[in-house]
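Q: What follows is a structure written as structure tokens; I'll ask about it next.
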Amino acid sequence: TRAVQAFDKVVDSVCPFCGVGCQTSVAVKDGKIVQVDGRDGYANENRLCVKGRFGFDYVMSAERLTKPLIRRDDAPKSGDIDLSGVDPLTIFREATWEEALERAAGGLKSLLDTHGGKALAGFGSAKGSNEEAYLFQKLVRQGFGTNNVDHCTRLCHASSVAALMEGVGSGAVSAPFNDAMKAECIIVIGARPTTNHPVAATYFKQAAKLGAKLVVMDPRKQDLMRHASHSLVFKPGTDVAMLNALLHVIIEEKLYDEQYIQANVSGFEALREKVKDFSPEAMAEVCGIEAEVLRDVARTYATAERSIIFWGMGISQHTHGTDNSRCLIALALITGHVGRPGTGLHPLRGQNNVQGASDAGLIPMYFPDYKSVENADIRGQYENFWGQALDPKRGLTVVEIIDAIHDGEIRGMYIQGENPAMSDPDQTHARQALAKLEHLVVQDIFLTETAWHADVVLPASAHAEKLGTYTNTNRQVQIGRPALEPPGEARQDWELIVEIGRRMGLDWNYKSVSEVYTEMASVMPSLRNISWERVEREESVIYPADAEDKPGNEIIFSNGFPTSDGRGRITPADLLPPDEVPDEEYPLVLTTGRLLEHWHTGAMTRRAGVLNAIEPVGIAAMNPREIARRGLSQGEMVKVETRRGTVEAILRADREVADGMIFMPFCFNESPANKLTNPMLDPYGKIPEFKYCAAQIEAADEI
Ligand code: SF4
């Protein structure tokens, strides 16, 4: 913290939004944030995007929760209820902290005593710090006695992580995005970095300008294609056809790295056999890309000295998301484009701390550092450390928890900082589940769509009000510092998790965030040599680090893989159709995603004045040709309908959207795209198919 003329203080911190993890300077005057600038961090070199620079005023919003709330006995509970314009104090009454915490913990404890741990679940948050994530998963495992703990990683890169764990033994990126600057060939597939990782995108554009081949593959056109050597606008849902065609060419033309495969890779022969039928000529019609283009991309990627792959939700949010990622892993493994500078596999992580929250164990199948809860030896270590028996079975994932509420299996939940009423697929089903819970505790900074369903609401702290560490997409553990005090009676998230734990009978005596970090780091080999003091001192340390006084390793997998035999493993993938394809009744494909100005469910950015002024209303975007073909007009109100429901939105003409498709962002509560999405899951990552379902559209007055 520095005093700077014109400001009362300037606090060095990190951006609260995307996984790029830009370092920031937060200027405070008269108890308010008045300016945010970029610092010279490894991930951003002074740059910020519009969200990081102008999206800070949500912290000072008049809508912040400042007092604990308890649901009134006569307040209706229904997933279908329209809460727009409803005064919160007709649903909730204000309470003291003592009463609210007793009610919150007491309700959970009573369900635990009556029905056992299986009746409880918790959603932590990828927006919170590593310390909050560690404490939250510990609370669920130790205090609730279950592994039913998850967070929104399940909705973003769960399938990528499943494939990476299987293929290379680690879910984290093998190289930072900055390494694009060292690559000769960069593939960006199923990601829109200029929208969702804008500062990372600047490195891709710079690399292309300096001569690297930039291959952008996406069913929607996008800005980055203006900088690309190859732009492949392929048919949605045909990723495996296109990627297997690339693998086919590399094998047919012997462009693979035989020496590397022999030393480091298993499964090559099975892959060779599988992709025989996927010639570019056979796949061109399937994926909509000419065979010669597929051959050129395969040759460009394989023959470059250094090639790197970046991917996003377009790969992962499918019922075949794990298969999509398996193909990308196979590309890197057979060409040896991994483990060296300028090469590798990089799933671009979405939220500021989704990497860290997953690392810290906020997932139902793993303790911290991806150690299986079903492994008796590992579980034994935690039982010794935490002093009690732990659930030997993996827990339920996000969508499975929603289904288990409907089945009456789960009766109580604690949700910290997540907004499943907006983020989960088939929203009506998800909201009805939240309404059905016998006891729901929500801890957040706003009365989110999820909090409206709560029995107890605990007002918590915004990113700019707390101290903690966050791990970005590059594996950089970075420190976030408080610039402001929480408003009113709002309290620190970590303290509230501890309060709930203590009131449920846990002997927890944490005194500080650093104490939590130190305990967490003691059980996480990935954080070895990265002490709290070091992160405070250096601001940012990449894991793994070989020594306290040595920088962390930007590149991993240089000497084999952390798998049981040290080899990378190829799992060939078959072409499977999306779960729900267009038909006569629903002839269009609906795909969902984000906008540059709004972040995820919009809880923060829709309350940020500048950002919401730029994108103020819910939209559905279609190609102008498709709009004309259907007799619709840009700017009119339309109804988009799927088998799950109907949503009204303003129709936007967008040449980036292909014919036959509708794109909707999922951040608008008045036009909630997730009311329409298909909850069918990828069998491995348990991620829903947000990127593809059958839909129809009509003028609002015609349905
Ligand atoms: Fe924040 Fe991401 Fe923008 Fe950087 S790129 S300023 S981390 S939202």
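Q: Kindly provide the set of residues from segment 627-643 that are open to solvent by less than 50 Å² (accessible area, probe 1.4 Å) and among the basic types (K, R), ordered by number.
A: Answer for segment 627-643, where residues must be open to solvent by less than 50 Å² (accessible area, probe 1.4 Å) and among the basic types (K, R): just K639.
Q: Also: For segment 349-395, which positions are free of Cβ contacts under 8 Å to residues at least 24 places away in the same chain, in contact with a Pro (Cβ under 7 Å, 6 or more places away or on another chain) and surrounded by 17 or more Cβ atoms within 10 Å (Cβ to Cβ)?
A: Answer for segment 349-395, where residues must be free of Cβ contacts under 8 Å to residues at least 24 places away in the same chain, in contact with a Pro (Cβ under 7 Å, 6 or more places away or on another chain) and surrounded by 17 or more Cβ atoms within 10 Å (Cβ to Cβ): just R379.
Q: Would you confirm whether or not segment 275-282 contains a residue that is under 26 Å from the mean Cα position of the chain (by Cα), crowded, with 19+ Cβ neighbours inside 10 Å and at pLDDT 95 or above?
A: no
Q: How many residues, within segment 474-517, are open to solvent by less than 40 Å² (accessible area, probe 1.4 Å), more than 26 Å from D57 (Cα to Cα) and charged (D, E, K, R)?
A: 1
Q: While we're here: Quick check on segment 416-432. Is at least one of its residues free of Cβ contacts under 8 Å to residues at least 40 places away in the same chain and open to solvent by 10 Å² or more (accessible area, probe 1.4 Å)?
A: no
Q: Here is a further query. Evaluate the following for K118: is it away from the ligand (no atom under 16 Å from the Cβ), open to solvent by 70 Å² or more (accessible area, probe 1.4 Å) and either in a loop (DSSP other than H, G, I, E, B) or not hydrophobic (A, V, I, L, M, F, W, C) (or both)?
A: On the way: away from the ligand (no atom under 16 Å from the Cβ): yes; open to solvent by 70 Å² or more (accessible area, probe 1.4 Å): yes; either in a loop (DSSP other than H, G, I, E, B) or not hydrophobic (A, V, I, L, M, F, W, C) (or both): yes.
Taking the combined requirement at face value, the residue satisfies it.
Q: Could you list, in sequence order, the residues of segment 54-82 that are under 30 Å from V20 (Cβ atoms), open to solvent by 70 Å² or more (accessible area, probe 1.4 Å) and either basic (K, R) or in contact (Cβ under 8 Å) with a residue 24 or more places away in the chain (or both)? Spell out how you get there, then give the answer.
A: Our first condition is that a residue be under 30 Å from V20 (Cβ atoms); within segment 54-82, this holds for 54-65.
Narrowing the set further to residues that are open to solvent by 70 Å² or more (accessible area, probe 1.4 Å) leaves 54, 62-63.
The answer is F54, E63.
Q: (1) within 30 Å of E449 (Cα to Cα); (2) modelled with pLDDT of 95 or more; (3) in a loop (DSSP other than H, G, I, E, B): which one isn't true of T563, the others all being true?
A: All conditions are met except number (1).
Q: Does segment 601-608 contain any residue that is closer than 30 Å to H337 by Cβ and open to solvent by less than 40 Å² (accessible area, probe 1.4 Å)? Don't jump to the end; show me each part of the working.
A: Here is the first cut: in segment 601-608, the residues closer than 30 Å to H337 by Cβ are none.
No, because not a single residue in segment 601-608 is closer than 30 Å to H337 by Cβ and open to solvent by less than 40 Å² (accessible area, probe 1.4 Å).
Q: Looking only at segment 197-210, how many residues end up being more than 16 Å from the ligand (Cβ to nearest atom) and either touching a residue at least 60 places away in the same chain (Cβ under 8 Å) or buried (at least 22 other Cβ atoms within 10 Å of the Cβ) (or both)?
A: 1
Q: Also: Report whether or not I401 is more than 22 Å from N669 (Cα to Cα), modelled with pLDDT of 95 or more, more than 21 Å from the chain's Cα centre (by Cα) and not in a loop (DSSP other than H, G, I, E, B).
A: No; evaluated as a whole, the condition is false for this residue.
Q: With the requirement that a residue be open to solvent by less than 10 Å² (accessible area, probe 1.4 Å) and in contact with an Asp or Glu (Cβ under 8 Å, 6 or more places away or on another chain), what does segment 438-457 give you?
A: Scanning segment 438-457 gives L440, V441, Q443, F446, T450, A451, V457.
Q: Which one of the conditions (1) within 30 Å of V513 (Cα to Cα); (2) more than 16 Å from the ligand (Cβ to nearest atom) does G237 fail to meet, given that it meets all the rest?
A: Of everything listed in (1) within 30 Å of V513 (Cα to Cα); (2) more than 16 Å from the ligand (Cβ to nearest atom), G237 misses just condition (1).
Q: Give the number of residues within segment 41-52 that are open to solvent by 30 Å² or more (accessible area, probe 1.4 Å) and more than 21 Å from the chain's Cα centre (by Cα).
A: The number of residues fulfilling the criteria is 4.
Q: Another question, then. When E99 is evaluated against the numbered criteria (1) within 16 Å of the ligand (Cβ to nearest atom); (2) under 23 Å from D444 (Cα atoms), which criterion, by number, is the only one it fails?
A: Against the list (1) within 16 Å of the ligand (Cβ to nearest atom); (2) under 23 Å from D444 (Cα atoms), E99 comes up short only on (1).
Q: OK, next. Tell me, which strands (runs of 3 or more DSSP E) lie completely within segment 441-550 with 1 or more residues that are among the aromatic types (F, W, Y)?
A: Qualifying strands (runs of 3 or more DSSP E): 468-471.
Q: Shifting gears a bit: In the list P688, P665, P624, which residue meets the criterion of being open to solvent by 20 Å² or more (accessible area, probe 1.4 Å) and not aliphatic (A, V, I, L, M)?
A: Details: P688 fails: open to solvent by 20 Å² or more (accessible area, probe 1.4 Å); P665 fails: open to solvent by 20 Å² or more (accessible area, probe 1.4 Å).
P624 is the lone residue from the list that is open to solvent by 20 Å² or more (accessible area, probe 1.4 Å) and not aliphatic (A, V, I, L, M).
Q: Just give me the residues in segment 303-326 being assigned to a helix (DSSP H, G or I) and open to solvent by 10 Å² or more (accessible area, probe 1.4 Å), in sequence order.
A: If the condition is that a residue be assigned to a helix (DSSP H, G or I) and open to solvent by 10 Å² or more (accessible area, probe 1.4 Å), then T303, M313, G314, D323, R326 are the ones that fit.
Q: Kindly provide the set of residues from segment 89-99 that are open to solvent by 50 Å² or more (accessible area, probe 1.4 Å) and touching a residue at least 24 places away in the same chain (Cβ under 8 Å), ordered by number.
A: Hits for segment 89-99 are R93, E94, T96, E99.
Q: Continuing with the same structure: Given segment 127-196, what helices (runs of 4 or more DSSP H) lie entirely inside it while holding 3 or more residues that are buried (at least 24 other Cβ atoms within 10 Å of the Cβ)?
A: Details: elements: 130-138, 158-168, 193-196.
By residue number, 130-138, 158-168.
Q: Something else about it: How many residues does segment 211-247 contain that are closer than 19 Å to N324 by Cβ, buried (at least 22 other Cβ atoms within 10 Å of the Cβ) and in contact with an Asp or Glu (Cβ under 7 Å, 6 or more places away or on another chain)?
A: So the answer is 1.
Q: Given (1) farther than 30 Å from P562 by Cβ; (2) more than 16 Å from the ligand (Cβ to nearest atom), identify the lone condition not met by D223.
A: (2)
Q: Does A291 fit the bill of being under 32 Å from the mean Cα position of the chain (by Cα) and hydrophobic (A, V, I, L, M, F, W, C)?
A: Working: under 32 Å from the mean Cα position of the chain (by Cα): no; hydrophobic (A, V, I, L, M, F, W, C): yes.
When the stated conditions are applied, A291 does not pass them.
Q: Separate question: Have a look at S633, S671 and point out the one that is free of Cβ contacts under 8 Å to residues at least 24 places away in the same chain and farther than 27 Å from A163 by Cα.
A: So the residue among S633, S671 that is free of Cβ contacts under 8 Å to residues at least 24 places away in the same chain and farther than 27 Å from A163 by Cα is S633.
Q: To continue, here is another question. Could you grab me the full set of residues in segment 404-415 that are buried (at least 19 other Cβ atoms within 10 Å of the Cβ) and not in a helix (DSSP H, G or I)?
A: Result: I410, R411, G412, M413, Y414, I415.
The values are calculated or read from the model by the stated rules, or taken from the named source; none is laboratory data. Predicted model, so just to flag it, every value in this text is computed and none were measured. Don't worry about glycine lacking a Cβ; one is built from the backbone with ideal geometry, like all the others, and counts go over all protein chains shown. The area values use the complete protein model at the heavy-atom level, side chains included, leaving out ligands, DNA and RNA. Shrake-Rupley method; radii C 1.70, N 1.55, O 1.52, S 1.80 Å.
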